[in-house]
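What follows is a short report on a single structure.
Values in this text are rule-based calculations from the coordinates and carry no lab data. On a predicted model such as this, the values are computed, not experimentally measured, just so you know. Reconstructed Cβ throughout: ideal geometry from the backbone, glycine too, with neighbour counts over all protein chains shown.
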Amino acid sequence: MGKILSGRDGPVLGIDSSLDMFEKLKHDSSRLQQEWHPYDAFNFLVTAWHLFEDWTKSDDPRALCRLKRYRKRLPSDMNLVLDVVRDLVNGSKHFQLSLDAAKKRRVGEVHTGNEANWYSYFFHEDLPAVTVEDHWYFSIRILNNLVIRYFEWVFDDSSPVKDFPSDLLEAILYCNIANRKSGPPPEVWLLNIEKAHDRKNDENS
């Protein structure tokens, strides 16, 4: 039995809810981690942004997963990560930003991952990345980790809105190189680092 569209219904194929989109995001993430390819990065980031920005409307206004995607309830550092995702999606989809989008842009520089710079030294990986305000550095591996951890919390109904995950916030703050605290890297920050090293070793062999 098909679905008759009416009003402002959008036609979709096999994706009918935010949870469906989250499953797609996890699928995109697994593809991305296999080789950190730009095509997979595009798919992952676009899915993540639309899951945050658009698919929220598919949920009940009182649902926790909807409340956790309300910007004003989120820490400013998580909003920075979301701004980075937004900028990359807008740039990837449209190439040139509208004047309004350009005014909101937070990303200041895009890195191919092959430059010899101090960011690569600190992060020990040669992956595409962006810098924000000269001291925030987010590689595609890091963005993958942060975004997936965020949405895991979003769809965890056992965790209230007020309990933003401390491990996620710690990992975001670790991307602020100028103010990075000493000590071992946070666990969320370290996820998938072996796959990034495998990529680097494959390219050097």
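Mind checking which lysines have their Cα closer than 20 Å to the Cα of K3? Skip sequence neighbours fewer than 8 apart in that chain. Once the sequence-local lysines are set aside, what remains near K3 is K57. Three semi-axes describe the equivalent ellipsoid of the range 18-204; taken as square roots of 5 times the Cα gyration tensor eigenvalues and ordered largest first, they are 25, 19, 17 Å. Could you state the number of Å between the C-alpha centres of the range 165-183 and the range 74-106? After rounding, the separation between the Cα centres reads 21 Å. Each of the peptides 186-193, 73-80 was scored by the mean count of other Cβ atoms within 10 Å over its residues; in descending order, highest first, they stand as 186-193, 73-80.
On full extension, the segment bounded by R106 and D157 gains 15.2 nm, given 0.36 nm per residue less the C-alpha separation.
Pairs over the 20 Å Cα-Cα cut-off, from the set K72/K93; K68/K162; K68/K104; K104/K181; K26/K162: K72/K93; K68/K104; K104/K181; K26/K162. Contact order for the range 18-204, expressed relative to its length and based on alpha carbon pairs under 8 Å spaced 6+ residues apart, stands at 22 percent.
Approximating the spin labels as points 7 Å out from Cα along Cα→Cβ, the H37-to-R62 distance works out to 4.6 nm.
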